[in-house]
Each structure stands twice: as C-alpha cells, then as structure tokens.
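Scroll down for the structure; my scribbles are underneath it.
The values are calculated or read from the model by the stated rules, or taken from the named source; none is laboratory data. All values reported here derive from a predicted model rather than from experimental measurement. Neighbour counts are summed over all protein chains in view; Cβ atoms, including those assigned to glycine, are modelled from backbone coordinates with ideal geometry. Just the protein is used for accessible areas: all its heavy atoms, side chains included, with ligands, DNA and RNA removed. Shrake-Rupley method; radii C 1.70, N 1.55, O 1.52, S 1.80 Å.
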Amino acid sequence: MNENHSAPGRRPSASRRRTLPRLVPTAAVAVALTFAAACSGPAAEGGSAKTPAAGASGAKPAPGGSLHIAVISHGGPGDAFWNVVKNGSTDAGKQLGVQVDYNSDPDPSGQAKLIDNAVAQHVGGLVVSMANPDALQSSVKAAVAAGIPVITINSGSAKSREFGAIGHVGQEESVAGEGAGAKLKQNGRHKVLCVIHEAGNIGLNQRCDGARKGFGGDVVNLQVDAANPTDVLSRIRGALQADPAVDGVLTLNAQVAATATEAVKALNSKAQVATFDLNTDVISAVKAGTIAFAVDQQQYEQGYLPVVMLKLQHDNGNSVGGGLPVLTGPAFVDASNVDQVATYAARGTR
C-alpha cells in the first residue's frame, strides 16, 4: 500500500462492486506503448531503463517547453513496493524527456508539505498517492487552483475527481479484495485472518471488506504495526493460537507476509498464507509453497503511466480514462506464473 496498497487503492464503496469493463485498464497502456515504442525497456539492474535522460541526445523535449513532474507518495523509507513505483516514474521520465522528481513521506502532514513545496516550485504536473485523502485535500486543491494538473495514484480514487485531479491510476481495492477472498475460498479455507498493517489507510480496510465479500465466510481483521516486525509476529501468532479455526491468513503488504509465514511455521499451523503485493521474499515463498498466491497491483505502472498521461496532456491536450480509474490490477501471482514474474522483479519492475 501500499497498497495501498497500496498501499493502498481507490475508494469505491465496498458494498457496491464495480465490474472491470466499466473501468479503463488498457487505455493508458496503449498510450504508453505509443510514446515508448522507440525507447528501450527497463534494464536488468535496479529497474532503471537505459534510455536518454531529459535533455540528452535523442530525448524529445515537450513542444510547449520542458515538463517538470513531482511524484509524491506516502511510502516509507526503503519500502520495496514504493521503490518499484519510483522506478516506473523515473524510467518514464527518461524515456519521454521529462524531469521527474520523486519524494515520499508516510506521515500525512509531511506528505502535504511536500505537495505544497512542489506547488511553490511551479511544477508542470503532480502525481500523488492519497492514503489519507482528508489530510491532503487542501494541498491537492491548492495545486489544482494554481493550474497544475494532478493525477492520483494507488489510493484515494473516491476523492480524486472531487479534489480536481484529471485522472487516477491504480487498483480498485474492494474488487481486488473480493478476488483474493474468492481465491482463498477456492483453496478450501474456512476462516481467514486479514492483517491490517497501517492505521488510517482506508484502502486496507477496503481490501479486507472486499475479501469478506468474496470469501462469503468468516474474515476477521487484525491490526498490527508494520514498523514493528516483532509486534507483527507476536500479534499474528497470538491470533492463530487464540483461534485454531483460522486456516487462512491474508496480509496486505509483502513485508508483513514474510512475518506471517514465520508465525505459521513457528506454530506448525495449517493456515495458508496469501498476500497483496510482491517482493523477492514473496516470490521465493510462492515458489516454495509457503505463500499460496500474491495479489499484484503492478505498481510499476502506477509510477510509469501518470508520467505518460501528464506528457500527453501537456503536449496534446489529451485525457485518459474518461473520468474513471485506469486499473493496474488485480493480477495474481501463483505457482503457475511465478517464474516469469520473478525475472521482472529482479530488475525492479514488478
């Protein structure tokens, strides 16, 4: 989330399922291919594309002048999920000749200050994740009032248009949660523990609500603090010990997933672990069978596509999505496709 999410994702009501055909998962992909057709793809090291940087030979500046985009997320320091988002945005900037600055702060007030700073710098475009939309409302609306086009990513889709953003790119959290719950049901689970790792991120609650709907059975929420791995391990172990009927654990963060597998192993529990989001540990665990599947929101696209969209808006007055979110997920990674995805993850793009 982070996810959401991830952190964390868009904000439709969990009680009203939105079907995928009403959304626009492919439009921005086609746009990205149009711009990047003559560019090389992501390189193997660090997920950074070997393409001309802004102003370098071969890079094409915007017809109306150079474009400067600020990407501001709620990711924490060293968060593997947000590192991939950053790779996507910086790769797109290199390929399109756009200056892209990425900054993040997990504290909503700190994130708002970063947005205010970007507005003061008169950036040409702003990309913002909104895990806590209310805390960012004034800053985002100030950017819009200053004439800066804003695209929201990952979280906050329900407030995106209200705040004046021209688009949203990410995963519908309730839809993704339903898919995860249905998959756990198909795997024969009967009672699931849904582990929420970040207080105040409404996208995580939407994931659990969606899982409850898709599972059609007993899904119990468990609040933990992702910044304290010892606490995470202790709380998951305690919940499994207190209720032996729990035979499924759904984590909403790849790093928490690794801790959940430790808890299951320590107790010799029969609980099956599944998770949202990917990192190298999750991929290894899927290969080993200790994690059944991962819900992948393909966060590289959440960094990459908004830069393409803002470039199109700047150069050609285009809009993408028709007012609806551009979907980047959910995709599922399990034993059937984990080897292929592992190749992409190794270069920092999944």
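When the residues of the range 256-288 are filtered to those that are within 16 Å of residue 341 (Cβ to Cβ) and of a type in the set (Gly, Ala, Ser), which remaining residue is surrounded by the fewest Cβ atoms within 10 Å (Cβ to Cβ)?
Step one: of the range 256-288, the residues within 16 Å of residue 341 (Cβ to Cβ) are 257, 274-288.
Filter again for of a type in the set (Gly, Ala, Ser), leaving 257, 274, 284-285, 288.
Details: 257: 29, 274: 26, 284: 14, 285: 22, 288: 10.
Among those residues, the one meeting the criterion is 288.
Can you give me the ranges of the strands (runs of 3 or more DSSP E) entirely in the range 222-339 with at least 1 residues that are more than 17 Å from the chain's Cα centre (by Cα), aliphatic (A, V, I, L, M) and at pLDDT 95 or above?
Per the criteria, 248-251, 272-276.
Name the pairs: first residue in the range 105-119 and in contact (Cβ under 8 Å) with a residue 60 or more places away in the chain, second residue assigned to a helix (DSSP H, G or I) and open to solvent by 40 Å² or more (accessible area, probe 1.4 Å), Cβ to Cβ under 7 Å, at least 6 apart or on different chains?
Hits for this filter: 108/135.
Going by what's in this entry, would residue 177 be described as in contact (Cβ under 8 Å) with a residue 60 or more places away in the chain, farther than 15 Å from residue 295 by Cα and open to solvent by less than 10 Å² (accessible area, probe 1.4 Å)? Please lay out each step first, then the result.
Details: in contact (Cβ under 8 Å) with a residue 60 or more places away in the chain: yes; farther than 15 Å from residue 295 by Cα: no; open to solvent by less than 10 Å² (accessible area, probe 1.4 Å): yes.
Spelling it out, it is not the case that residue 177 is in contact (Cβ under 8 Å) with a residue 60 or more places away in the chain, farther than 15 Å from residue 295 by Cα and open to solvent by less than 10 Å² (accessible area, probe 1.4 Å).
Kindly list the number of the only condition in (1) open to solvent by less than 40 Å² (accessible area, probe 1.4 Å); (2) free of Cβ contacts under 8 Å to residues at least 60 places away in the same chain that fails for residue 185.
The failed condition is (1).
Each row is one residue, and each column tells you yes or no for (1) of a type in the set (A, V, I, L, M, F, W, C); (2) in contact with a Pro (Cβ under 7 Å, 6 or more places away or on another chain); (3) outside any loop (DSSP other than H, G, I, E, B).
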residue	(1), (2), (3)
78	no, no, no
86	no, no, yes
91	no, yes, yes
131	yes, yes, no
137	no, no, yes
141	no, no, yes
144	yes, no, yes
155	no, yes, no
163	yes, no, no
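Is it true that some residue in the range 66-87 is open to solvent by 10 Å² or more (accessible area, probe 1.4 Å), within 19 Å of residue 310 (Cα to Cα) and modelled with pLDDT under 95?
Scanning the range 66-87, I find at least one residue that is open to solvent by 10 Å² or more (accessible area, probe 1.4 Å), within 19 Å of residue 310 (Cα to Cα) and modelled with pLDDT under 95, so the answer is yes.
Go through the range 188-203 residue by residue and tally those that are in a helix (DSSP H, G or I) and open to solvent by less than 10 Å² (accessible area, probe 1.4 Å). Please lay out each step first, then the result.
Pass one, the range 188-203, residues in a helix (DSSP H, G or I): 202-203.
Then keep just the ones that are open to solvent by less than 10 Å² (accessible area, probe 1.4 Å); that gives 203.
Result for the range 188-203: 1.
Provide a single number: the residues in the range 289-308 that are over 12 Å from residue 170 (Cβ atoms), open to solvent by less than 10 Å² (accessible area, probe 1.4 Å) and in contact with a strand residue (DSSP E or B) (Cβ under 8 Å, 6 or more places away or on another chain).
Final tally of qualifying residues: 6.
Please count how many residues of the range 110-129 are farther than 11 Å from residue 72 by Cβ and not in a loop (DSSP other than H, G, I, E, B). Explain how you work it out, then say what you get.
Of the range 110-129, the ones farther than 11 Å from residue 72 by Cβ are 120-122, 124-125.
With not in a loop (DSSP other than H, G, I, E, B) added as a condition, the list becomes 120, 125.
Total meeting the criteria: 2.
Return only the number of the condition from (1) in contact with an Asp or Glu (Cβ under 7 Å, 6 or more places away or on another chain); (2) not in a loop (DSSP other than H, G, I, E, B) that residue 180 does not satisfy.
(1)
Return yes or no: is residue 173 within 23 Å of residue 106 (Cα to Cα), acidic (Asp, Glu) and in contact with a helix residue (DSSP H, G or I) (Cβ under 6 Å, 6 or more places away or on another chain)?
yes
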